[in-house]
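No lab work stands behind these numbers, since they all come straight from the coordinates. Quantities reported herein were computed from a predicted structural model and do not represent experimental measurements. Ideal geometry is used to build each Cβ from the backbone, glycine not excepted, and the neighbour counts take in all protein chains shown.
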Amino acid sequence: MKVALKTKAYAAQAPRAELTPFEIVRREPGPNEILIDIRYCGVCHSDVHQVKDEWNNGIFPMVPGHEITGIVTEIGDKVSKFRKGDKVGVGCIVDSCRTCGSCGEGLEQFCKNGFVGTYNGLGKDGIPTYGGYSTQIVVDENFVLRIPDALPLDGAAPLLCAGITTYSPLKHWNAGPGKNIAVVGMGGLGHMAVKIAHAMGANVTVLSQSLKKKADGERMGASGYYATSDPETFQKLANTFDLIINTISAPFDADQYLSLVRRDGTMVLVGAPPEALKTQAFSLIFKRRSFAGSLIGGIPETQEMLDFCAKHGLTADIETIPIKDINQAYERMLQGDVRYRFVIDIASLKQ
């Protein structure tokens, strides 16, 4: 007989509402599922977008959180990949159709039939998914990541979104020795892009609104750091970069940044501005430039990213907070007042 698991959480009851204590029910693990005791959950900017329903797809009550790390406490009788006590993580995806071409290639983020999000999604049973601002979660073992022993659970949590969101395009567009890479925006995504691109051997430049974080950028591996508020920056760096990882989540002048891409280079958008972007054809055709986008990564690539970060000693720079401070953290994020990722200590929710 299945036993419902009552789980403490924080939820937004309606669009733009503050998050407050909430109790959810998790299912008992099925044959191929594991129960995870959540220890930490990163706070992603997309959590704010979703709670405010800025993407117009909100399911409420909503329990955000898709940068989850914890410990396996129960396993189904057919689970083969994990044991009780294992350090594990859950990112943005908890299921997909598993039959389309993308799923067959380990690219579940591009599932033809749509992946199931860790929160604000609908499972195959039609029940809304609830995320990591909670004490427990039940996930199919095929969508669970192994956290290498070299990575601490708190600093590893943001890797499940910020890490893979930047690792995937850097790998796909062949960042490495001899490549000039620019990272636009020195925030949660941007600081991981700098660390990963540097570890890949690329020459990294940061383009930020100001020089306030220059010392941090250089510490993380950037050899150049420029303020985009200075109009001379765009003249000085014209036709410079093989690849730009653009993390901006607000409207911006795409043509201005495309002018920095050298011939046959690419600017990849990993941020999610809520408004449509415009660009002139001439910004692309005269230098055979590409303007592309990238979305997280599949399960195999996410595991590859975690192993890469463990090998190179990479974790996110974090500020750990108790769950009661989550609404204040959202406000601080909107003001850019975090270096560089909030991580919720879920022990504070159990008290």
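Here are the numbers:
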{"quantity": "Eligible lysines near Lys6 by straight Cα distance, threshold 17 Å, same-chain separation 8 or greater", "calculated": "Lys350"}
{"quantity": "Mean Cβ neighbour count within 10 Å, used as a protection proxy, ranking 42-48, 161-167, 55-61, 70-76 highest first", "calculated": "161-167, 42-48, 70-76, 55-61"}
{"quantity": "Proximal lysine pairs, region 164-293, alpha carbons under 28 Å, eight or more residues apart or interchain", "calculated": "24"}
{"quantity": "Volume of the Cα convex hull of region 21-120, divided per residue and given in Å³", "calculated": "127 Å³"}
{"quantity": "Expected 222 nm ellipticity per residue - DSSP helices of 4 or more, -39500 (n - 2.57), all of the chain, to 500", "calculated": "-6000 deg cm²/dmol"}
{"quantity": "Neighbourhood net charge (9 Å Cβ-Cβ; Lys/Arg +1, Asp/Glu -1) for Lys8", "calculated": "+1"}
{"quantity": "Modelled FRET efficiency - R0 25 Å, Arg263 with Glu232, Cβ distances, 0.05 increments", "calculated": "0.65"}
{"quantity": "Interchain or long-range residues, amide H under 5 Å from Ile137's placed H", "calculated": "Ile36, Ile38"}
{"quantity": "Between helix 299-312 and the chain: long-axis angle, C-alpha atoms, 0 to 90°, nearest 10", "calculated": "70 degrees"}
{"quantity": "The chain: mean projected area of Cα convex hull, nm²", "calculated": "17.2 nm²"}
{"quantity": "Residue order, fewest to most surrounding Cβ atoms within 10 angstrom, among Asp264, Asp216, Asp307", "calculated": "Asp264, Asp307, Asp216"}
{"quantity": "Ser102, Ser168, Ser223 arranged by Cβ crowding within 10 Å, fewest neighbours leading", "calculated": "Ser223, Ser102, Ser168"}
{"quantity": "Fully extended contour minus Cα-Cα distance, from Leu334 to Asp255, at 0.36 nm per residue", "calculated": "25.9 nm"}
{"quantity": "Principal semi-axes in Å for region 187-305 [√(5λ), Cα gyration tensor, largest first]", "calculated": "22, 19, 15"}
{"quantity": "Test item: Cα-centred dipole of the chain, Lys/Arg +1 and Asp/Glu -1 on Cβ, debye", "calculated": "440 debye"}
{"quantity": "Packing-based ranking, highest mean first, of 86-93, 183-190 given that Cβ atoms within 10 Å are counted", "calculated": "183-190, 86-93"}
{"quantity": "Those lysines that a straight Cα-Cα span of less than 21 Å connects to Lys78, excepting residues fewer than 8 apart in one chain", "calculated": "Lys2, Lys87, Lys124"}
{"quantity": "Principal-axis tilt of helix 162-172 within the chain, Cα atoms, nearest 10 degrees", "calculated": "50 degrees"}
{"quantity": "Mean Cβ count within 10 Å, highest first, over the residues of peptides 310-317, 78-85", "calculated": "310-317, 78-85"}
{"quantity": "Trypsin sites (Lys or Arg not before Pro) restricted to region 1-76 and DSSP loop, no more than 10 other C-beta within 10 Å", "calculated": "Lys2, Arg16"}
{"quantity": "Percent of beta bridges antiparallel (DSSP, the chain, rounded to nearest 5)", "calculated": "55 percent"}
